[in-house]
Amino acid sequence: MRHIVWLTVVILGVWIGAATAQESTIESVLVEGNERIEAETVRSYMEIGPGDRYDSDAVNDSLKSLFDTGLFADVVIRREGNALVVRVVENPIINRVAFEGNDEIADSELEAEIQLQPRVVYTRPRVQSDLQRLTEIYRRSGRFAVTIEPKVIQLPQNRVDLVFEINEGPVTEVEVINFLGNTRFSDSALRDEIQTVESAWYRFATSADTYDPDRLTFDRELLRRFYLANGYVDFRVVSAVAELTPDRSGFVVTFSLEEGERYRVAAIDIVSRLRDLAPEDLLPIVEIEEGDWYDADQVEDTLVSLTEVVGSRGYAFVDVSPVIEPNREARTVDVTFEVDEGPRVYVERIEIVGNVRTLDEVIRREFRLAEGDAYNTALIRRSRQRIMNLGFFNQVDIESSEGSAADRSVLTVEVSEVPTGELSFGAGISSAEGVLGDIGIRERNLLGRGQELRLGLTISESRQEVDLSFTEPYFLDRDVAAGFDIFRRTVDLQDESSFDRETVGFVLRAGYPLAERLRHTVSYTLRNDEVSDVSPSTSRFIREQEGETTTSAISHTLDYDLRDSRIDPTDGYFVRAGQEVAGLGGDAQFLKHTLTYGHFYSVADGWVLAGIARAGHIFGFDDDVRIVDRFFLGGRRLRGFEPSGVGPRDAETDDALGGNTFYSLTGELGFPLGLPDELNLRGAIFTDIGSLFSIDDTGPELLDESSPRLSIGAGINFRSPLGPIRLDFARALIKEDFDRTESFRFSFGTRF
């Protein structure tokens, strides 16, 4: 009996276990609530399925997996018998993303920054992420008071429109810039050294008065450079903090500084480890003197000069590094320049990026070194300057990286192009020409080949001119700038010389370099000049030349330019010498010489002393030199005197006759006026001296004196948003009785 009981218990246990196992097995997974997403897709994300034993951990993992897809706003998993029921609430699909209230930033710019797009699944985390992105865009533009509210508009078929309602708010400007810890320099002096500026009414054309964290970081570096240039070796910026005002209308920026002590230069030395290069040969290059205040800028300039000089002496691989050893007790520094042989590195490849329109060859031909040449920092620096001088780019960066081997370098040239096509309409007023206007079409980078094409029309009260010019900078793939000019000019000279002049002609020209800074240009000119509208009361010297003259001339010019900038030079000099000979056909026969020399010297920061000397002489081979070929002097080249106000003149008619010989010298000191840089106002004081004399005609009525004329004056230059304005006040101190003088000269113009 006992055995029967035990057997019954065992059979029941087996049966109950089998039944329990059958009840714990998932037979099916049912999906509810899905509209767009297939049920099988939902099941594919789950960690449990038909045939699996029910496991609460697997169910939890399935929940996480389904939520992680981002497809569902809610998921519930429940068990009904041997089935699992998965109920989902799908996230809607975005039908449209719109922006409202944005006036300062375009929709296209905002759309490029967000992740949510039409036909993308809408989720709240994505909305919050995009909200942060949009807010950051406005903060980068200086609008820290911006508020953005996302609105969801429900549509049929589980779709939504997402609308970002934007209140841009005003630009959050920098109201105050404070400095703490500065005892050597005033707050105003330090404000002049940084890029961030305090807001003011006249700064409407700049964004430097808006808060920019990146600009603030750069300001820290500018302050460090400024103090190091003034001898404060231990200087550091402790902190730079920008705080919003309570009304969130502006920022207060505070720089905390530790100036430290000022150091003088105690000793200067050069250590050369190059064969046949003695340190004493390089010492004259060093401009730093013992006893001077330490200047980090001078150290950097000396470093560049030493690198260039050593490289020019045939040392292709050179490494010049400064060693600064401060003595804090004596408050002095020892400066040692170590000249050593650098690693032998060759240029493996030159890569150019960023040029969408400009052809690679236009940039490559400006390089002073080629692939396979020895790596040379000075030549790379010169190459960058030449590329910038093209005027096709607003930024040129040349980075070096290791090539296929340790002794190979890859140069990457990254450029940022600027528009090179111009359709310009000009208007202005001048004391010399009255009201004037011009229309011009110009392309400085035609078809991306660096070619220049220009068509211009100028009309004023005294001058009408139309001209067409074309220049190919690399003619026949050689460094020869070839081109032509076709022109027609009509000039009213009644006030100066009682006649009108019309000139029609063309010029063929070609220029090529003789050396890095020396250029030679040759040209051929064929033109027809007509002297007309000559009245009986006009000087007989002019009446005798009434009519037409054809000139066929060949000329050449040598141009040596060592200025730091051709547009706004502050240092360096240039020499330009030219000759023109006429007589290869035509009516005119003469030889003309011209010479120009200019020197620029930076006296102090913003103070530039300029001196320009000009001279010229012309003589005829057989006949007298005609009035259309002579020189005239006055106006902007000899201020204090009217245009054509100096030189030979008819005493009876007061007509200017021009001269065969002239010279002029100008000395000018340009300086800041102490006003904010944004006003673009500069002052100048100047003195002009010159003379014009000698014509081939003679007669008792001829007034011709070679005595020098002298004037002094002051001027103001204003680069206004509407165009450049120049005002000069001059007084003629030395003059002849028959000269024509003027005390005030101004010009105003604009192009748009």
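The values are calculated or read from the model by the stated rules, or taken from the named source; none is laboratory data. Model, not experiment: these values are computed from the prediction. Counting neighbours? That spans all protein chains shown, and the Cβs are built from the backbone with ideal geometry, glycine included. With ligands, DNA and RNA removed, areas are computed over all heavy atoms of the protein, side chains included. Shrake-Rupley method; radii C 1.70, N 1.55, O 1.52, S 1.80 Å.
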Exercise for review: Kindly indicate the residue of the stretch 622-653 that is outside any strand (DSSP E or B) and over 47 Å from the mean Cα position of the chain (by Cα) and also surrounded by the most Cβ atoms within 10 Å (Cβ to Cβ) among those meeting that condition.
Suggested key: Thr653
Review point. Looking at (1) in contact (Cβ under 8 Å) with a residue 60 or more places away in the chain; (2) part of a loop (DSSP other than H, G, I, E, B); (3) of a type in the set (A, V, I, L, M, F, W, C), which is the one condition that is false for Ile37?
Key: (1)
Exercise for review: Go through (1) surrounded by 15 or more Cβ atoms within 10 Å (Cβ to Cβ); (2) modelled with pLDDT of 90 or more one by one and return the number of the condition Trp607 breaks.
Suggested key: (1)
Exercise for review: Name the single residue, out of those in the stretch 97-113 being touching a Leu at 6+ places or on another chain (Cβ under 7 Å) and modelled with pLDDT of 85 or more, that is nearest to Tyr54 (Cα to Cα).
Suggested key: Val97
**Study point:** Options Ala229, Ala240; residue that is in contact (Cβ under 8 Å) with a residue 24 or more places away in the chain and either more than 30 Å from Asp334 (Cα to Cα) or among the charged types (D, E, K, R) (or both)
**Key:** Ala240
Check your understanding: Taking the stated definitions as given, is Arg349 part of a loop (DSSP other than H, G, I, E, B) and touching a residue at least 40 places away in the same chain (Cβ under 8 Å)?
Key -> no
Check your understanding: Does the stretch 360-374 hold any residues that are open to solvent by 60 Å² or more (accessible area, probe 1.4 Å) and either in a helix (DSSP H, G or I) or not basic (Lys, Arg) (or both), and which are they?
Key -> Asp360, Glu361, Arg364, Glu371, Asp373
Revision key, fill the gap. Exactly one of Phe506, Phe541 is more than 30 Å from the chain's Cα centre (by Cα) and outside any strand (DSSP E or B), and that residue is Phe541
Study note, to complete from the structure: Here the qualifying pairs (Cβ atoms under 6 Å; residues six or more apart or on different chains; first in the stretch 563-575 and of a type in the set (A, V, I, L, M, F, W, C); second open to solvent by 70 Å² or more (accessible area, probe 1.4 Å)) come out as Val575/Tyr560; Val575/Tyr597
**Study point:** Residue among Ser44, Ser62 that is over 30 Å from Asp247 (Cα atoms), of a type in the set (S, T, N, Q), modelled with pLDDT of 85 or more and open to solvent by less than 20 Å² (accessible area, probe 1.4 Å)
**Key:** Ser62
Check your understanding: Before we move on, is Leu665 closer than 20 Å to Ile712 by Cβ, modelled with pLDDT under 95 and not β-branched (Val, Ile, Thr)?
Key -> no
Practice item. Just need a number here: residues in the stretch 171-193 that are free of Cβ contacts under 8 Å to residues at least 60 places away in the same chain, in a loop (DSSP other than H, G, I, E, B) and closer than 20 Å to Glu243 by Cβ. Key: 1
Study note, to complete from the structure: The number of residues in the stretch 658-670 that are surrounded by 23 or more Cβ atoms within 10 Å (Cβ to Cβ) and not polar (S, T, N, Q) is 3
Practice item. Taking the options Phe590, Phe619, name whichever one is open to solvent by less than 50 Å² (accessible area, probe 1.4 Å), among the hydrophobic types (A, V, I, L, M, F, W, C) and modelled with pLDDT of 90 or more. Key: Phe590
Practice item. Name every residue in the stretch 127-151 that is without any contact (Cβ under 8 Å) to a residue 60 or more places away in the chain and open to solvent by 50 Å² or more (accessible area, probe 1.4 Å), in order of residue number. Key: Gln128, Gln132, Arg133, Glu136, Arg139, Thr147, Glu149, Lys151
**Study point:** Of all residues in the stretch 396-442 being charged (D, E, K, R) and crowded, with 17+ Cβ neighbours inside 10 Å, the one that is modelled with the highest pLDDT
**Key:** Asp438
Study note, to complete from the structure: Considering residues that are open to solvent by 90 Å² or more (accessible area, probe 1.4 Å) and assigned to a helix (DSSP H, G or I), the number found within the stretch 84-125 is 3
Check your understanding: Looking only at the stretch 569-584, which residues are open to solvent by 30 Å² or more (accessible area, probe 1.4 Å), within 33 Å of the chain's Cα centre (by Cα) and over 15 Å from Thr521 (Cβ atoms)?
Key -> Thr570, Asp571, Tyr573
**Study point:** The one condition in (1) within 35 Å of the chain's Cα centre (by Cα); (2) loosely packed, with under 14 Cβ neighbours inside 10 Å; (3) within 30 Å of Asp187 (Cβ to Cβ) that Asp247 fails to fulfil
**Key:** (1)
Check your understanding: How many residues, within the stretch 481-500, are modelled with pLDDT of 90 or more, part of a strand (DSSP E or B) and either aromatic (Phe, Trp, Tyr) or open to solvent by 60 Å² or more (accessible area, probe 1.4 Å) (or both)?
Key -> 5
Study note, to complete from the structure: Residue count, the stretch 585-613, condition of a type outside the set (Gly, Ala, Ser) and either within 31 Å of the chain's Cα centre (by Cα) or outside any strand (DSSP E or B) (or both), comes to 13
Check your understanding: Considering Ser469, Ser539, Ser532, which residue is within 20 Å of Phe632 (Cα to Cα) and open to solvent by less than 30 Å² (accessible area, probe 1.4 Å)?
Key -> Ser539
